[in-house]
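As structure tokens, the structure follows; a few thoughts come after it.
The values are calculated or read from the model by the stated rules, or taken from the named source; none is laboratory data. Just so it is clear, the structure is predicted and the values come from calculations on it, not from any experiment. No Cβ is skipped: glycine too gets one built from the backbone with ideal geometry, and neighbour counts run over all protein chains shown.
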Amino acid sequence: MSAKSKKRGRPVLHATTVLALLAGSAYLTVELRKDEQAKAPAVQAITDTPGKLRNGAKATTGEQSWERLKNPERSVLRGEDGEILATFTDGARTATLTGPSRTFDEPTNTKSRVVTEDWVRLMPEVWTEGAEKEKWFKDWFKEFFGSEEDDIFAYAFQYIEGAPLKKDDEGVPYTGDANFGPVDESSPGNRLEQSDFYDYLGIPYTFRDGTTKQPQKARYRAIDCSGYIRTIFGYRARYPLMVADGVGDGLPRTANGMTRSDVGVDIYKLGGPSPWYTRPESTSKLQPGDLVFFKMDRRTKDRMDHVGLYLGNDTEGHQIFISSRKEVNGPTMGDQGGTSRLDGNGFYAALLRAAKRL
């Protein structure tokens with residue numbers, strides 16, 4: 001699908017019927033979005049430009065040392081000047097490695113640019129204290145530290161508006177401009193959720209428990225917010241996937257299921273009274289590659305409604321995330337429906353409720 005052919009949809013919260021039913025909560029949501037839109041920069045492609053490692057030298061040279069840190073429990077590898085070269089969190093398979101500098105942007109939808117030396121990769125095993133001495137880790141680290149092979153961030157930006165299409169050996173397009181979902185005929189300004197990675201691919205997928213899910217034709221090339229995360233971590237990075245919430249082990253199907261799942265490490269747990277819970281007091285513990293969860297809709301009671309991927313700070317110092325959204329009809333770190341910032345008091349920042357490291 002070309003970028004020009006994308007249709008923009010507004011969320012259910014903006015529909016007249018919902019405003020009539022939920023005037024108070026919908027009004028608050030609309031006003032928050034309007035406020036953020038007024039503040040958002042107006043502008044908008046992804047670039048991936050390899051650069052230098054820290055200090056302009058290869059980070060694997062010189063004396064290195066390991067250090068244990070807390071909250072969360074983790075091991076960090078430091079270079080000879082004390083700079084952090086890699087971080088590994090107990091109970092998680094996600095690792096953040098220092099590598100060549102890259103720039104991620106999306107000029108169609110935002111002025112924000114993320115220039116980062118962080119490369120987020122999935123280890124073959126869960127990290128435990130002392131794992132740096134184990135053979136599996138030494139082999140994996142030797143292969144991927146300093147590697148420019150696609151990582152979680154590269155996967156994430158292969159589905160934004162205008163992303164190039166790539167096909168596998170069987171001719172199945174596995175990257176390229178993704179939609180959020182089909183138009184809701186009962187509410188034409190809205191788009192339907194429940195599009196998963198196999199819908200985007202347009203092929204049947206058999207899960208580890210033997211269950212086979214069939215794609216829906218109307219959802220071809222579409223992934224909702226949790227489907228987007230499952231595409232990145234599951235289909236592309238090979239993190240185990242559940243068929244549905246609570247069915248099997250692995251990453252659940254929905255944002256709510258992911259929030260409450262035992263997989264990975266809770267960086268910020270749900271806190272405060274349900275159904276709205278409370279925002280974490282700080283976002284300082286977030287690490288690039290973390291999943292961030294939001295409570296956006298009163299109608300869903302105590303369910304978490306949205307999930308995104310934390311990217312780190314943009315060039316203006318704001319904490320940025322990327323997610324698949326109805327407003328842009330697909331994955332974006334842009335500003336439609338609310339600026340993609342976790343700091344401050346903007347729309348998404350105010351509705352952040354939890355974070356997890358897979």
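Restricting attention to the stretch 221-244, the residues that are part of a loop (DSSP other than H, G, I, E, B), within 14 Å of the chain's Cα centre (by Cα) and among the hydrophobic types (A, V, I, L, M, F, W, C) add up to 2. Note on the stretch 182-220: residues that are part of a loop (DSSP other than H, G, I, E, B) and within 18 Å of the chain's Cα centre (by Cα) amount to 4. Residues that are among the polar types (S, T, N, Q) and part of a strand (DSSP E or B) were ranked within the stretch 97-108; the one that is nearest to W66 (Cα to Cα) is T98.
For residues in the stretch 313-334 being within 19 Å of T283 (Cβ to Cβ) and over 11 Å from the mean Cα position of the chain (by Cα), which is surrounded by the fewest Cβ atoms within 10 Å (Cβ to Cβ)? Filtering first and then ranking leaves G317. Residue count for the stretch 262-290 under the criterion of being in a loop (DSSP other than H, G, I, E, B), closer than 19 Å to L251 by Cβ and not hydrophobic (A, V, I, L, M, F, W, C): the result is 7.
Does V114 satisfy the condition of being within 19 Å of L286 (Cβ to Cβ), aliphatic (A, V, I, L, M), in contact with a Pro (Cβ under 7 Å, 6 or more places away or on another chain) and surrounded by 15 or more Cβ atoms within 10 Å (Cβ to Cβ)? Against the criterion (within 19 Å of L286 (Cβ to Cβ), aliphatic (A, V, I, L, M), in contact with a Pro (Cβ under 7 Å, 6 or more places away or on another chain) and surrounded by 15 or more Cβ atoms within 10 Å (Cβ to Cβ)), V114 does not qualify. Condition first: surrounded by fewer than 22 Cβ atoms within 10 Å (Cβ to Cβ) and either in a strand (DSSP E or B) or out of contact with any Gly (no Cβ under 8 Å at 6 or more places or on another chain) (or both). Now tell me which residues in the stretch 86-96 satisfy that. Once the filter is applied, which keeps residues that are surrounded by fewer than 22 Cβ atoms within 10 Å (Cβ to Cβ) and either in a strand (DSSP E or B) or out of contact with any Gly (no Cβ under 8 Å at 6 or more places or on another chain) (or both), the stretch 86-96 yields only D90. Checked against the criterion of being of a type in the set (D, E, K, R) and within 25 Å of P182 (Cα to Cα), the stretch 307-316 contains not a single residue that satisfies it. Is one or more of the residues making up the stretch 88-102 of a type in the set (V, I, T) and closer than 17 Å to N313 by Cα? Yes. Does the stretch 335-355 include one or more residues that are crowded, with 21+ Cβ neighbours inside 10 Å, in a strand (DSSP E or B) and of a type in the set (F, W, Y)? No: zero hits.
Only one of the listed residues (G248, G227) is at pLDDT below 95 and in contact with an Asp or Glu (Cβ under 9 Å, 6 or more places away or on another chain). That residue is G248.
In the stretch 164-181, the qualifying residues are those that are small (G, A, S) and over 15 Å from R236 (Cβ atoms), and the one that is surrounded by the fewest Cβ atoms within 10 Å (Cβ to Cβ) is G171.
Looking only at the stretch 118-163, residues that are part of a strand (DSSP E or B) and either surrounded by fewer than 17 Cβ atoms within 10 Å (Cβ to Cβ) or of a type in the set (F, W, Y) (or both) come to 1 in all. Against the list (1) under 21 Å from V263 (Cα atoms); (2) at pLDDT below 95; (3) of a type outside the set (D, E); (4) touching a Leu at 6+ places or on another chain (Cβ under 9 Å), the condition G338 fails is (1). One residue stands out in the stretch 247-285 among those that are aliphatic (A, V, I, L, M) and touching a Pro at 6+ places or on another chain (Cβ under 9 Å): the one that is farthest from F207 (Cα to Cα), namely I267.
A count restricted to the stretch 267-311 and to residues that are out of contact with any Asp or Glu (no Cβ under 8 Å at 6 or more places or on another chain), of a type in the set (D, E) and within 24 Å of D196 (Cβ to Cβ) stands at 2.
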